[in-house]
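Notes follow the structure.
The values are calculated or read from the model by the stated rules, or taken from the named source; none is laboratory data. Since we're looking at a predicted model, the values are computed, not measured. Every residue, glycine as well, gets a Cβ built from its backbone with ideal geometry; the counts of neighbours run over all protein chains shown.
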Amino acid sequence: MISSRALYQRATRHVPGGVHSNTRFQAPHPTYFARAEGAHLWDVEGNRYLDCTMGNGSVLLGHAHPQVDDAVCAAVRSGLTTGVETEAAVVAAELMARIIPDFGKVRFANTGTEALMHALAIARHRTGREKVAKAEGSYHGWFDPLWVSTWATAEQVGPAERPAAPPSSAGLSKVAADTVVLPYNDLDATERLLREHAAELAAVVVEPVLIDIGFIPATAEYLAMLRALTTELGIVLIFDELLTGFRLAPGGARQVYGIVPDLTTYGKALANGYPIAAVEGAAELMAATDPSAGGPVGWVGTYNGHGTAVAATAAALPLLADGTAQGYLDKLGERLREGFGELAGRHGIPVVLAGAGGHFQPYFLPAPATGYRTAMASDARRYAILHKTAREHGVLLPAKPLLHAALSTAHTEDDVDLLLGAAAEAFATMERET
Ligand SMILES: Cc1ncc(COP(=O)(O)O)c(C=O)c1O
């Protein structure tokens, strides 16, 4: 019979680690999946799991959503794959313009990493400067200057008010060392660093809520300060809304905070898990990429605006437009938060369940995390107990203690209660072990 273990053994003959994204690796071997529907995944052995990872947060509407899948199947049947423009790509851009407040112009790429590479190119062209600043601990894809200070160790992080920029991978270009790392939610230290490096900084890239290390919202004052200061210093402000977009509100974090950056990157929920990403920004900034006007910043890609991805986008966006989906996710999140709080209190376990828009993250801390340094103090051993117990109850959570879990509109109250049942058992184990 086919098994994950056997597939892993076969895979590793040809594939390092047997996985194509390192976050999927898990000892003793990764799980290999066969199908998905709604809130569930089935592995190759036929085991069913309640999925609380949802395609790294992409699959907001649930797996195999009929409207999205029908649109994708129709795109496949059209015979078109890529390399051409289609009506669906026009519709997708029109829908984004309708949903996102203060929308400028948009161009599509395939991945969040690419979208951020493009956004930085636009910023460098605009400012004539080279460097970028990012928040400590944030993840913005694997492009060299942005892949620093992500999941760094306590030995690597450096002083709190002037964080180090440790590379998150070997093999990065030397430019990565020049990235300015900002202490998230620390207004004074961030302002000092931005003023100090202003003459070299093309862009500040920020996730309005740090979700790749759980769920840590920026304060409204922090984002307002970044908006005002980048304007004053002539730095391009880029919001990375890969995970906040369409989840926190139809118009994403910019709608929630009422702050409009110069450029914004989107992806993930945009196409309910199909591979597309986008850069949106003020029309005069985006004009730098306009081939009809001799825009000098290049924008090319074999798979850009791929027929299946734009069809998925055009089908998903109407389902995200009026706030019903987000309201439902918040209701489920509230049930989870309340249940978690009550159970943790009963067992005397200090834990904060942070989240919104279907994202959630348990921090095993006495108080909410406000940045990477407080988040990294979360008890990883306790998270491992929760992860293992959840899996025994048929619930998949991210294996990494600081990542992000997600619900979808296909999840139900019963699903939340299943997770709460696992949490109760995990808390009891933690109580016994302390
Ligand atoms: C906030 C954020 N930005 C950028 C990226 C990179 O996107 P991709 O994996 O599509 O390259 C991710 C992916 O997890 C992300 O969560």
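Scanning region 192-251 for residues that are on the phi > 0 side of the Ramachandran plot and either free of Cβ contacts under 8 Å to residues at least 24 places away in the same chain or buried (at least 24 other Cβ atoms within 10 Å of the Cβ) (or both) yields G214, F246. Quick check: is even one residue across region 148-157 within 13 Å of the ligand (Cβ to nearest atom), buried (at least 21 other Cβ atoms within 10 Å of the Cβ) and at positive phi? Within region 148-157, not a single residue is within 13 Å of the ligand (Cβ to nearest atom), buried (at least 21 other Cβ atoms within 10 Å of the Cβ) and at positive phi.
Of all residue pairs spaced 6 or more apart or on separate chains, those with beta-carbon atoms under 7 Å, a first member in region 105-124 that is within 12 Å of the ligand (Cβ to nearest atom) and a second member that is in a helix (DSSP H, G or I) are A109/A115; A109/H118; L116/L146. Looking at the structure I just gave you, is V310 touching a strand residue (DSSP E or B) at 6+ places or on another chain (Cβ under 8 Å), over 26 Å from T374 (Cα atoms) and either within 16 Å of the ligand (Cβ to nearest atom) or modelled with pLDDT of 95 or more (or both)? Taking the combined requirement at face value, the residue satisfies it. Under the condition of being within 16 Å of the ligand (Cβ to nearest atom) and more than 14 Å from the chain's Cα centre (by Cα), which residue from region 125-140 is farthest from A282 (Cα to Cα)? Only one residue fits best here, namely E136. Against the conditions (1) more than 30 Å from G273 (Cα to Cα); (2) aliphatic (A, V, I, L, M); (3) under 19 Å from the mean Cα position of the chain (by Cα), L194 satisfies every one except (3).
The residues in region 288-310 that are among the hydrophobic types (A, V, I, L, M, F, W, C), closer than 27 Å to A269 by Cα and free of Cβ contacts under 8 Å to residues at least 12 places away in the same chain can be counted, and the count is 1.
For region 383-432, name all the residues that are assigned to a strand (DSSP E or B) and not hydrophobic (A, V, I, L, M, F, W, C). Listed by number, the list is empty, since nothing qualifies.
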